[in-house]
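Here's the structure, in structure tokens; my notes come after.
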Amino acid sequence: MASIFTSPNFSPTPTTTTSQFKSSNPIRSLFHFKPSIHRQKFASFGAVICSSSSGGRPEYIPSRISDPSYVRIFDTTLRDGEQSPGATMTSKEKLDVARQLAKLRVDIIEAGFPAASKDDLEAVKMIAQEVGNVVDDTGYVPVICGLARCNKNDIDASWEAVKNAKLPRIHTFIATSEIHMKYKLKKTKEEVIETARSMVKYARSLGCNDVEFSPEDAGRSEREFLYQILGEVIKAGATTLNIPDTVGITVPHEFGQLIADIISNTPGIENVIISTHCQNDLGLSTANTLAGACAGARQLEVTVNGIGERAGNASLEEVVMTLKCRGQEVLKGLHTGINIKHIVMASKMVEEYTGLHVQPHKAIVGENAFAHESGIHQDGMLKHKQTYEIISPEDIGLYRSNEFGIVLGKLSGRHALKARLLELGFDIDGKEVDDLFWRFKAVAEKKKSITDDDIIALVSDVVFQPQVVWKLGDVQVTCGTLGLSTATVRLIDADGQEHVECSTGTGPVDSAYRAVNLIVKAPVTLLDYSLNAVTEGIDAIATTRVLIRGENNHTSTNASTGETFHRTFSGTAAGMDIVVASVRAYINALNKMLGFKNQPALKKHAGNSQVSA
Ligand code: KIV
């Protein structure tokens, strides 16, 4: 990695010293042998490699950080991440994710784009109220941020959504690259500057003292124009300047140089925080983000699992763990306030709620990230864990199979289940553990031993589910070579009323889905259906996933293009009967869709055509 940051043309130290710097699824482990539970220090690489101390979180002041090495983590999973195709989350799911982000102690949660739809506005409002007001015993409370294009409607919606948080922030943006200004905005440079300046001022005038401004497509914007517009928005009251590489085109030394140049040339820059927002189109988002941090950015925008538009964003776990592992030694002592032991749970939750699967070899949170299959590696691991492992999985909330020797079966109690869940990174309590326990018991009656994969599948099935509009009562199918597949389905509605319908179809799942459609009467297109066995053997648990698109205008607005797009909704379920699991996944997707509020957000400035993007 070092070479990435040492291009001959790039000095990571800003040439102008500013006051900012003066003052201031691993879950399925393949590790099937029993390792020692005593962690040893890795002496020659600086104690335990990935446990450098953080030095605490400085008091939150929008435009200043008292500790010059502290880097704010701005999570945009619920905004940039959620707008990826198929990733729609319900308000309850967004609230769960926001709570998990607060457990991680991210500094800023970008909770959504409130002007996109009524659903988005309400979700951000709820997060501001419920997560943005919980101050923990160290004084930590996350900043809650809402995105807005540079127009009054969006800024009003954003302020309306976040204003009840203890630390509210409005993030407004307008494109600054030649190509965006000419073809998308159809505005001159002067018009773009004036829109940005007046809208930052407008956001401040609402009473918001924490305003972030982004020049969209900064990576391709003309430098002098960038310095000019950034200088103007600082004068208008912006407190954070975010520099997006919107199309993910820059390479690390280039992006680092961009940040360094902005710091050197923008008037008033010493009064604000610089931020990075790197898309992953060339697979360089984490490296670019770190190059930006080395050049002086002190806020890094990331998403859990790296989800986001197109190829996604810089991933929270990669950026945070790189700073944790190498910050002291080779990244200028930079550190964050993230509580890394909640990473696994955050990753799993986002994976389940969005339906966007994490690739097995994904750094930090992929299923194989801590798997050691080859004989040489296993031998090395047995002799000394750090021969092949630079991060202790327990540190990010992942315990290896049977680390504590707990084997679950039909005689296991709630306590053992809860202990195993914790080892797997799932910090679940109350009713969810009770519900999970009864599902676990039902499976344990049929299966001799319950593996970690079985438990993880059940967690997805019981815990990570949308609010219930329709619930499956019963399903019965007849299928085979002798006649038409026929299904009878009994569903229960929100008032507890039972509804029964029968249908024929091309197979058992098709006939059952048709029977569900006769009851729910919400026209949808089935975009994708998949079925996977999570364990081996005839008694394997299967997980099913469906992706649907509603025909009745489940629309939202894309923040960047301003275009209306059709939301898609995913549903998952798990169980030993594949038809039942398929029907439950379909009902979960329908529930998600039916819970989505479609109306536009605020329309106070109806005549305002000052839409920037
Ligand atoms: O990629 C981008 O430019 C953005 C901005 C709104 C920050 O998402």
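The values are calculated or read from the model by the stated rules, or taken from the named source; none is laboratory data. As the structure is a computational prediction, the values presented were derived from the model and not from experiment. Heads up, the Cβs are rebuilt from the backbone with ideal geometry, glycines too, and the neighbour counts pull from every protein chain shown. With ligands, DNA and RNA removed, areas are computed over all heavy atoms of the protein, side chains included. Shrake-Rupley method; radii C 1.70, N 1.55, O 1.52, S 1.80 Å.
Some notes on this structure:
- Output for region 200-224, where each listed residue is within 16 Å of the ligand (Cβ to nearest atom) and not in a loop (DSSP other than H, G, I, E, B): V200, A203, V211, E212, F213, S214, P215, E216, A218, G219, R220
- Scoring A165 on the criteria (1) away from the ligand (no atom under 16 Å from the Cβ); (2) of a type in the set (G, A, S); (3) in a strand (DSSP E or B) leaves a single failure, condition (3).
- Hits in region 245-261 - residues which are within 16 Å of the ligand (Cβ to nearest atom) and either out of contact with any Leu (no Cβ under 9 Å at 6 or more places or on another chain) or farther than 14 Å from D217 by Cα (or both): T246, V247, I259
- Single residue of region 543-555 satisfying the filter (in a strand (DSSP E or B) and open to solvent by 10 Å² or more (accessible area, probe 1.4 Å)) that is farthest from T90 (Cα to Cα): T543
- Of the residues making up region 146-162, those that are within 12 Å of the ligand (Cβ to nearest atom) and among the aliphatic types (A, V, I, L, M) are L147, A148.
- When G283 is tested against (1) small (G, A, S); (2) within 15 Å of the ligand (Cβ to nearest atom); (3) open to solvent by 10 Å² or more (accessible area, probe 1.4 Å), just one condition goes unmet, and that condition is (2).
- Residue pairs whose Cβ atoms lie under 6 Å apart, sitting 6 or more positions apart in sequence or on different chains, and linking a residue in region 77-106 that is within 12 Å of I127 (Cβ to Cβ) to a partner that is acidic (D, E) and modelled with pLDDT under 90, do not occur here.
Results for (1) open to solvent by 60 Å² or more (accessible area, probe 1.4 Å); (2) over 28 Å from I456 (Cβ atoms), shown as yes or no for each residue.
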position	(1), (2)
D493	no, yes
T506	yes, yes
T525	no, yes
V534	no, no
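- Selection status of V358, of a type in the set (V, I, T), over 12 Å from the mean Cα position of the chain (by Cα) and more than 16 Å from the ligand (Cβ to nearest atom): no
- The set of residues in region 66-83 being part of a loop (DSSP other than H, G, I, E, B), within 16 Å of the ligand (Cβ to nearest atom) and open to solvent by less than 10 Å² (accessible area, probe 1.4 Å) consists of T76, E82.
- Some residue of region 333-341 being away from the ligand (no atom under 16 Å from the Cβ), buried (at least 21 other Cβ atoms within 10 Å of the Cβ) and part of a helix (DSSP H, G or I): yes
- Scope region 234-244; condition within 14 Å of the ligand (Cβ to nearest atom) and of a type in the set (A, V, I, L, M, F, W, C); matching residues: A238, L241, I243
- Selection from region 168-196 of residues that are open to solvent by 60 Å² or more (accessible area, probe 1.4 Å) and either away from the ligand (no atom under 15 Å from the Cβ) or of a type in the set (K, R) (or both): E178, K182, Y183, K184, K186, T188, K189, E190, E191, E194
- Positions within region 135-155 being open to solvent by 10 Å² or more (accessible area, probe 1.4 Å) and either out of contact with any helix residue (DSSP H, G or I) (no Cβ under 7 Å at 6 or more places or on another chain) or at positive phi (or both), in sequence order: V135, D136, D137, T138, G139, Y140, V141, R149
- Count of residues meeting criterion [touching a Phe, Trp or Tyr at 6+ places or on another chain (Cβ under 7 Å) and crowded, with 24+ Cβ neighbours inside 10 Å] in region 89-105: 3
- Qualifying residue in region 512-523 (condition: of a type outside the set (A, V, I, L, M), open to solvent by less than 60 Å² (accessible area, probe 1.4 Å) and modelled with pLDDT under 95): no
- Filtered by the rule that a residue be in a strand (DSSP E or B) and either within 15 Å of A533 (Cβ to Cβ) or open to solvent by 30 Å² or more (accessible area, probe 1.4 Å) (or both), region 556-586 gives T564, F565, H566, T572, A573, A574, G575.
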